[in-house]
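Since every read-out is calculated from the coordinates, none of them should be taken as a lab result. The shown structure was predicted, so the numbers you read here are calculated from the model rather than taken from an experiment. Cβ sites come from the backbone with ideal geometry, for glycine too, and all protein chains shown count toward neighbours.
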């Protein structure tokens, strides 16, 4: 799987594009580093090895949805962007139901 591994200091995230097995931790051992990304610059700095990314994709590696969208932006992959973030459905507040008094009134 091709995915991002977070590096950098606290609140100053940088990301490394890596190839690793899907079940392995991104901070652990990986097969190959394919580039890096700094989202804190404007515009964000992206440097990927396009030939190595294509090599791994041809060998059957799958890109995570976020990485797929970045590769589409960079022109490395020709495809549609994927929807990564799905908003949570809003909870509708129910109005309290007025119930008639069940006790009869005494006369």
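With each label modelled as a point 7 angstrom along the Cα→C-beta vector, the residue 22-residue 42 pair spans 3.9 nm. Find the relative contact order for the chain and round it to a whole percent, using C-alpha pairs within less than 8 Å whose residues are 6+ positions apart. Here the relative contact order equals 19 percent. Mind jotting down the distance between the C-alpha centroids of the stretch 14-40 and the stretch 45-73, whole Å? For the stretch 45-73 versus the stretch 14-40, the Cα centre distance is 11 Å.
Distance between the pseudo-spin-label points of residue 12 and residue 92 (7 Å out from Cα toward the beta carbon): 4.9 nm. On a 0 to 90° scale, report how tilted helix 65-74 is relative to the longest principal axis of the chain, with both axes built from alpha carbons and the result rounded to the nearest 10. Rounded to the nearest ten degrees, it is 50.
With a Förster radius of 35 Å applied to the beta-carbon distance between residue 78 and residue 29, the computed FRET efficiency rounds to 0.65. The candidate values were [x] 46, 28, 26; [y] 91, 32, 30; [z] 42, 29, 24; the one computed from these coordinates for Cα extents along the principal axes in Å carries the label [y].
Packing-based ranking of 66-72, 84-90, 10-16 yields 66-72, 10-16, 84-90, ordered from highest to lowest mean Cβ neighbour count within 10 Å. Sequence-distant contacts, meaning Cα pairs under 8 Å at least 6 residues apart, place the relative contact order of the stretch 1-41 at 38 percent.
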